[in-house]
Every structure is written in C-alpha cells, then in structure tokens.
Amino acid sequence: MAFLKNYMLAAIFALLLLPTASLAQGRNSEVVLDITKSAFVKTDVLIRDLDVLSGGVESADAAGLMNRIVANDLLLSGLFQVGFSEENPDSLEYEFTIEGTVEGPLRDAEQTGENVPITISLNLLSYPQRQLLMNKRYRPLPSQMRATAHHFANEVIYWLSGEPGICLTRIVFSRGEGGRRDLYVVDYDGEGLLRLTANRELNLCPSWSPDGSEIAFTSYRDGQQSLFSLDTSTGKVRKVIGLDGLNYGANWRPDGSELVLAMSETGNPEIYRITPQGKIIKRLTVSPAIEISPSWAPGGRDLVFTSDRTGTPQLYVIDSDGAGRRRLTFEGRYNDSAAWSPGGDKIVYATREGNYTQIVIMKSTGEDRRVLTDSRWGNSEDPSWAPDGRHIVFASDRSGVYKLYVYDVVEDTFRQLTFGDDPDITPAWSN
C-alpha cells in the first residue's frame, strides 16, 4: 500500500508539474517568431573584418567565425546595434568599433602543427577618434573558438554597459517523452547542444549550483524518485537523497551551501532544506496542503513556493526558518514554477489563464502583474531567469511540441532556442 500511495503521488505530481500537452502532441514544424519592434536607446558598434596576417584558410575561417559570434552576442544582449560598414547603410551613428588581427598557427621544433593554437588580437576603440579602450589577446584551439568569441563579447558588454554579459552562460533542460527524458545542455545562443544523461529513465527539473560545478535533478534512475547531482566537469552522478515518496524540484541556495526541495515522506509534499550531501537541515512547512516548487530569493533569506492551502495553487513567501508566510498571488486558478529575478525585484511564474498556461512577471511584492504570453503561444511553462535579469527562458508548445524560447523583458521580444521533434521542458539558466 505504501508503494502504491507513493506511486500515485508521483503520478499526480507528474501530471501537475509537467506540460500536459506533451502527452499527446503533434509534430508540427517550429514557428518563426515575429519580433516586436520597439524604440530603445542602444549603442551603435561598428565591427570590422579582422585582418588575417598569416595562417591561410584556417585563420580566415577563424576571423569570420569570431566576427559573426561577437556580432550576434552584442545583438542578443539587447544593448547594441551592430553594423559592418562605415558607410552606415542603416543610418547607424557609431560610437565604438571592434577590430583586430588573426595570425598563425605558428610552428616550431616542439610542435607538430596539429592542434596548434592561432593568435587572435581583438580591440575595442572609440569611433571615430580611434582611442584604444580595450585589447584582448587569445590563443584558442579550434574547439575553443566559440568560447573565445563569447568571452570577448562579455568583456565588451561589461566595458560599455557596466553589466556582466551572459554570452558564456548555458541552459540545462529535460528532453524526451513519457518515462524517458534525459538532461541536455545548450549554450545561451542555441549552439553547443550536449546530452548529459542516458539512463533511459525520467530525468527532470535540473538546477545549477551557483558556481556551475553541479546540476541537481530529480530522476528515477535507481527505481524510485530521488534527487541526484551531476558533476559538470566529469559527468559523474551521485545520489543526494531518496526518501519514500516525492523528492522533487530542488533549488540551490545562492551561496551553494544547501538546497530546498519538496518531499512527501510524511504524507503530503512539504518544503525542506537539505545539505548538498542529503542531510535534512529543516522542514519549513507543516500543512495538510500540497506545497511544492520552492525557489530561493537572491539573498538566501526568503523563498517562494506553491501551496494549495486555499483550494487552488497560489504563490507564497516564507523566510529560511519557515516563518513569516505571506500570500503573493490572488489571480489565476493555478500558479506555479516561480523564480526570483537575480536582482530580487521581480518574480516570474506560470499561471493558468483560460485554457492555457502562460508566463507572468510581477514585482516580488506581488504588484504590477504582467502576462508575457497569450493564447497564440499555447501553453508556456517552466520559466527561468538569465543572470542579467533581462532574459527569461521557458518552454512552450506553440509549434505543437514543447521547445524552449528566450524572452527579453525590456524589449518584449522572443527567440526560439531549441529545435527538433522531441519535447523540451524544465529549463534552468546557469549563472
């Protein structure tokens, strides 16, 4: 009976928390989104072709790749307009220019010429004065080209805006159907897709540790639902905790010292704090209601979670000791999957609006509620913030199959992140 009860609880929560439409989806092709045009002040940057000093085709290809990636990174940041000609075909008023050189690869007596790095020098200058503002010199191997371009773009973004870029961040998510879903990771721009698990089981709800060294996730890989952690440098997986019932939806404390998750060993799911080794620190909720989906505030003092104590799932906030409970949402008949923005001033979550689940953003006080998606998106779920506090990734079945999309909260624009026939759900953005 205990097994049957836990199995029924797991099945119920799988239906509650996973995208319902994924159980019977079409295989329509992905859609191309129309970008909403809005007027925002942006910095105009001229990107010149890099000068190829030596190295032939290999260096020329590297120069072209660097230019394309840096330009795309600046555009995706939402802070810049990019041009490639001083003739200003788009009437851009350039304030800065990026230029540089590519040389090599060099060979000497100690090197065979295989996997020898080339030398790339990149400069940020004022325009048209040509005052050198920043110089970066790299010697990347072929496998490091994309990361090199992302690193330089991050440096430019920080230099010109004072805000850290997100060009080296990644998004982990669950891909698959039914009882077989594996974890994948993809770069923030949709490149570099990599499969992380291959155990033919259900792997869900990944969560990055603050330093990016671990990914906590829920899985049935040992026969029952448990919380595991994957070492991102080695791929090694270890079990964190696996009590009877649910062990679901873990979220790391901002300092990495512990996690918070929902567990149902004592009956209904409750919120617990645990160490990364699986030791229970404190049970935060005691209620006959279902209480799930906890998420830490940036300071690690408060957390937001879902509870149906009033009859419908709503969002609540409590402190790290389980005290000071207050209700945040009063609209929507089903609110879940809340996540605090990196600055702590906003919360994004999923709500049931009519026949569809939509993405909502509001102040962390519960005010200024703003629905980001509509019925044209179908169901939109599982939002997660980028570390810049400007972009959100979420899953939507807009095309007939759940794929991941990135939303810019400032410009109100969207781009599709993942493609293919398999549904993608529960994304989490790295720091």
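Computed quantities for the displayed model
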{"quantity": "Residue count, segment 269-297 (criterion: touching a helix residue (DSSP H, G or I) at 6+ places or on another chain (Cβ under 9 Å) and in a loop (DSSP other than H, G, I, E, B))", "calculated": "2"}
{"quantity": "Subset of segment 203-216 (residues that are part of a strand (DSSP E or B) and touching a residue at least 40 places away in the same chain (Cβ under 8 Å))", "calculated": "Leu204, Cys205, Pro206, Ser207, Trp208, Glu214, Ile215, Ala216"}
{"quantity": "Of all residues in segment 39-82 being out of contact with any helix residue (DSSP H, G or I) (no Cβ under 9 Å at 6 or more places or on another chain) and part of a strand (DSSP E or B), the one that is surrounded by the most Cβ atoms within 10 Å (Cβ to Cβ)", "calculated": "Leu46"}
{"quantity": "Strands (runs of 3 or more DSSP E) (entirely within segment 312-431) containing at least 3 residues that are of a type in the set (Val, Ile, Thr)", "calculated": "346-353, 356-363"}
{"quantity": "Leu168 being surrounded by fewer than 21 Cβ atoms within 10 Å (Cβ to Cβ), among the aliphatic types (A, V, I, L, M), at pLDDT 95 or above and in a loop (DSSP other than H, G, I, E, B)", "calculated": "yes"}
{"quantity": "Residue in segment 296-312 that is basic (Lys, Arg), in contact with a Ser or Thr (Cβ under 8 Å, 6 or more places away or on another chain) and touching a residue at least 12 places away in the same chain (Cβ under 8 Å) present", "calculated": "yes"}
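The values are calculated or read from the model by the stated rules, or taken from the named source; none is laboratory data. Given the structure is predicted, the values throughout are model-derived calculations rather than measurements. Cβ atoms come from the backbone with ideal geometry, glycine included; neighbour counts cover every protein chain shown.
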